[in-house]
Amino acid sequence: MCSQRTIMGMQSFRLVHLLLSSIVFLFVFVLYQRILVTSLSAQVRNIEQVHTAPRLEDASHDPHDQQKDDIVVIYNRVPKTGSTSFMGVVYDLCGQNGYHVLHINVTKNSHILSLSDQVRFAQNVTQWQEKKPAVYHGHLAYLDFTRLGISQQPIYINIIREPLERMISYYYFLRYGDDFRPHLNRRKKGNTMTFDECVEEGLVECDVKNLWLQIPFFCGHAAECWVPGSEWALSEAKHNLVHKYLLVGVTDEISDFITLLEFALPRVFHGASAYFTAGEKSHLRKTKQKLPPSPETLNKIQQTRVWKMENEFYEFALEQFHAVKKRTLVVDSNGQFIDRGQQFKYMKVRPKPS
Ligand SMILES: *[C@@H]1O[C@H](CO)[C@@H](O)[C@H](O)[C@H]1NC(C)=O
Ligand SMILES: *[C@@H]1O[C@H](CO)[C@@H](O)[C@H](O)[C@H]1NC(C)=O
């Protein structure tokens, strides 16, 4: 009996053991399934997020967007033309509009690139897809990409200023700086000679040869461009301004320049006009201590060949800018300049759709 009972006892013990281990196994199995499901759904969420989050790079997968984004704008700024206010807008809008801005810093502030650098630069900016659309800016003379065998053309823009005003502004800027970076030590800091005194003494810093800057910037990389008073350089500068630039604005009408850019190139400049108007005061950069020149100084400078030519170039640019503005913009009911809208359409399209 005793042994019988022992056998029966052992059998029921085995049964309980089997039952218990089954329960433990089931519990562990269910737990494992739950963890698996949770981690899988987390992965799915991650994948969904990756695919729905807007990314700058995503646009490049769509061939249509790729074409729209294949934009390289070059703004080869002439020093002291009041372009800092415009650049402020370009930098502030880059995140919102999804483009890149890059400053071209040339060693020793040279406005001319070596031949090998010309090729490097032109190939780099046209092939650098990750940085497109892009706005490049720097104090660089106009560079013709076709001469270098590069088929894609950048979109050139620029701003010019009344030449004597630009020169005087630069003269005082070197001595007193401006309210943009007031604590930066300028080259001629502490020198209090006025522009009139400088001209009277015939010093190098106010030599009219310094006026020869806007013409060579538009003329370009040819040696002749940098010869003060060259007729060829002037005519080349005019030619480039009209044929190679999308738009050239003037400092005194910078807000109209921005409005025109916004309508002509919305991919980059969308919203620039409103942004500029709203922040106009905060972006202004004024040279301190600027004295207007005396009539004698004016007279002396306006007699020179270099001033006459630079002035002719400025007048030429101004006339062109006004013509473009008149053709493109119209005043709306709020007194704001807006685009006239599309003024052309297609007719007589053949073959007719059946
Ligand atoms: C250009 O680079 C040089 C050397 O790196 C630097 O000293 C200079 O300040 C830079 N110029 C500008 C305008 O940032
Ligand atoms: C362009 O130049 C930059 C800086 O030198 C470099 O990092 C980049 O890889 C270049 N891009 C191309 C496409 O050559």
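The values are calculated or read from the model by the stated rules, or taken from the named source; none is laboratory data. If you're wondering where the values come from, they're calculated on a predicted model, not measured in any experiment. All Cβ positions, even for glycine, are placed from backbone atoms using ideal geometry, and neighbour counts span all protein chains on display.
Numbers below:
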item	result
Residue list for the stretch 84-135, filter: over 21 Å from His221 (Cβ atoms), assigned to a loop (DSSP other than H, G, I, E, B) and more than 16 Å from ligand 2 (Cβ to nearest atom)	Gly98, Tyr99
All positions within the stretch 311-338 that are within 19 Å of Met167 (Cα to Cα) and surrounded by fewer than 13 Cβ atoms within 10 Å (Cβ to Cβ)	Glu315
Residue satisfying condition, being more than 15 Å from Gly138 (Cβ to Cβ) and within 16 Å of ligand 1 (Cβ to nearest atom), within set Gly95, Gly88	Gly88
From the options Leu148, Leu93, Leu140, residue that is farther than 26 Å from Gly271 by Cβ, hydrophobic (A, V, I, L, M, F, W, C) and surrounded by 17 or more Cβ atoms within 10 Å (Cβ to Cβ)	Leu140
Among (1) over 27 Å from Arg161 (Cβ atoms); (2) among the β-branched types (Val, Ile, Thr); (3) exposed (fewer than 13 other Cβ atoms within 10 Å of the Cβ); (4) modelled with pLDDT of 80 or more, the one test that Val119 misses	(3)
Qualifying residue in the stretch 145-163 (condition: among the hydrophobic types (A, V, I, L, M, F, W, C), part of a strand (DSSP E or B), within 16 Å of ligand 1 (Cβ to nearest atom) and out of contact with any Ser or Thr (no Cβ under 8 Å at 6 or more places or on another chain))	no
Within the stretch 117-134, considering residues that are hydrophobic (A, V, I, L, M, F, W, C) and away from ligand 1 (no atom under 16 Å from the Cβ), the one nearest to Phe269 (Cα to Cα)	Ala134
Per-region count, the stretch 99-116, residues away from ligand 1 (no atom under 15 Å from the Cβ) and either surrounded by fewer than 17 Cβ atoms within 10 Å (Cβ to Cβ) or free of Cβ contacts under 8 Å to residues at least 40 places away in the same chain (or both)	4
Condition broken by Ser60, with the remaining ones in (1) closer than 29 Å to Ser273 by Cβ; (2) at pLDDT below 95; (3) more than 16 Å from ligand 2 (Cβ to nearest atom) satisfied	(3)
